[in-house]
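Worksheet for the structure shown next.
The values are calculated or read from the model by the stated rules, or taken from the named source; none is laboratory data. Treat the numbers as computed from the prediction; the structure is a model and nothing was measured. FYI the Cβ positions are ideal-geometry reconstructions off the backbone, even for glycines, and counts take in every protein chain you see.
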Ligand code: F0G
C-alpha cells in the first residue's frame, strides 16, 4: 500500500484551490501592483476584501443637503473585521521571509485574524491580550484557529510594548500594524471604495484605536490619486472613544477605558501618521461617548439593518453627533458641499461582541403554540 503524508495531501488540495482563489481574488491578487509582493511570494489568502459599500438612505437623509452616505461593511471579511486585508499581506510576507511564528498584541480582532491566517499558512501563532478585556467571540476565534493565547495583566499598550521587545528574536514575525505590510494590505479598502464610486468620497469617517487603519486609508487614497484612479482626496475624520482618546487630547492616556474594547488604546502606534492624515486632508479627530457609541450601534441595526461591534459604530456615532451639533465651526461635516459623498467604515461584525446588546437582558415574549396568541402579541407590539 502506498502511504501519502498528510502534508502532501494538503499541498495538492491547496494547489487545486489556488486557481479558484485567483479567479475570485483576495486583496493581493486584485491589487498586486500596489503591494509589496513578487511572483515568488507565497499568497496566504482567505479571499478577504471585496466587502460591500452599502448605501445608507436613512443616514443620508439625516445628513441632508442631498449628501449620500455609504457604509463600507468590513465585518464581512473572513474573520469578521478589516484586519484580514492587512493580515493576508503580513502573513504572506512573513512566510516568504521564513518565519515559523507570527505574534501580535491585540484588543481582539488582530489576534483572530492573525490566528486564522497562521492556520492557513501552517505556521504557529501567539497572541498577547489584555486579560479579561477581550470580547468573547474574538477570544473564541483565537482559540479555535489554534493560537497560543497569552493573557497579560495590563492593557493593550503594555502588550504592544512587549511585542516590540520580541521583534529582535529570529524566526518571529510581528503582525501588528507596526509591521508596514499590514498597512499595505489595509489600504486596499480605499481602492475598493474608489473603484465602486468611480471617485474618492468627499469625506471618510472611521473609528480610531491604534490608528493604523487611518494611516492605511490615507495611503490608499493618495496612491490611487497618483496613479490616476481618482482626481481628489477625501477629508479624513476620525473618532476615538471619549475616555480612550490620546490623539484628540494629544497626550498618552495611561488607563484608557471604553465599552468599545477594540479601541481601548492609550498610546497608538500609528499616532503620527494618523495625525498627519487628519491635518493634511483638512479633516479632524474628535471623540464620542460610550453612550453615543452604543446608541449608534443600536440605531445602525434597527435603521440600516447592519449589526456592528461597538468600536465600529464610533464612525456613525461621530457622524450623528456632527449632524446634531450646531456650534462646531471647524467640523468637516459642516464644510461638506451639497451633494457630497460620505463613507463610514464599519470595521467589525457585531456577532463578535454581543455583551453590550445582551447587557439589558432582552427577553423573548413567551407564548404557547397558538395562532391567536401569536397574533395578539404581534398586535400589541405594533
Ligand atoms: N474597529 C475595530 C473593530 C478594531 O478591532 C480596531 C482595532 C479599530 C476599529 C481601530 O483601528 O487600530 O487601526 O485605529 N483593533 C486592534 C486589534 C487594535 O488589536 O484588533 P486602528
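Can you spot a residue in region 292-299 that is surrounded by 24 or more Cβ atoms within 10 Å (Cβ to Cβ) and in contact with a strand residue (DSSP E or B) (Cβ under 6 Å, 6 or more places away or on another chain)?
Among the residues of region 292-299, not one is surrounded by 24 or more Cβ atoms within 10 Å (Cβ to Cβ) and in contact with a strand residue (DSSP E or B) (Cβ under 6 Å, 6 or more places away or on another chain), which makes the answer no.
Looking at the structure I just gave you, is residue 258 within 15 Å of residue 287 (Cα to Cα) and more than 10 Å from the ligand (Cβ to nearest atom)?
yes
Identify, from the list 349, 361, 303, the residue that is within 30 Å of residue 137 (Cα to Cα), more than 16 Å from the ligand (Cβ to nearest atom) and at pLDDT 95 or above.
None of the others qualify; the one that does is 303.
Which members of region 181-198 meet the condition of being touching a residue at least 60 places away in the same chain (Cβ under 8 Å) and not in a helix (DSSP H, G or I)?
Correct list: 187 only.
Filter region 112-140 down to residues that are part of a helix (DSSP H, G or I) and within 11 Å of the ligand (Cβ to nearest atom) and give me whichever is farthest from residue 47 (Cα to Cα).
138
In region 61-87, how many are more than 14 Å from the ligand (Cβ to nearest atom), under 22 Å from residue 308 (Cβ atoms) and in contact (Cβ under 8 Å) with a residue 12 or more places away in the chain?
Selection size over region 61-87: 7.
Please go through (1) more than 27 Å from residue 349 (Cβ to Cβ); (2) outside any helix (DSSP H, G or I); (3) modelled with pLDDT of 95 or more for residue 47 and return the number of the only condition it doesn't satisfy.
(1)
Given the residues 178, 247, 252, 265, which is the only one that is out of contact with any strand residue (DSSP E or B) (no Cβ under 9 Å at 6 or more places or on another chain), within 16 Å of the ligand (Cβ to nearest atom), closer than 27 Å to residue 296 by Cα and not in a strand (DSSP E or B)?
On inspection, the qualifying residue turns out to be 252.
Would you be able to say whether some residue in region 229-242 is within 24 Å of residue 111 (Cα to Cα) and more than 12 Å from the ligand (Cβ to nearest atom)?
Checked against the condition, which is being within 24 Å of residue 111 (Cα to Cα) and more than 12 Å from the ligand (Cβ to nearest atom), region 229-242 yields no hits at all.
Could you list, in sequence order, all residues of region 181-195 that are away from the ligand (no atom under 13 Å from the Cβ) and closer than 22 Å to residue 93 by Cβ?
181, 184, 188, 190, 191, 192, listed by residue number.
Quick one: would you say residue 60 is part of a loop (DSSP other than H, G, I, E, B) and either modelled with pLDDT of 95 or more or surrounded by fewer than 24 Cβ atoms within 10 Å (Cβ to Cβ) (or both)?
no
Being farther than 30 Å from residue 161 by Cβ and within 16 Å of the ligand (Cβ to nearest atom): is that true of residue 34 here?
Criteria not met by residue 34.
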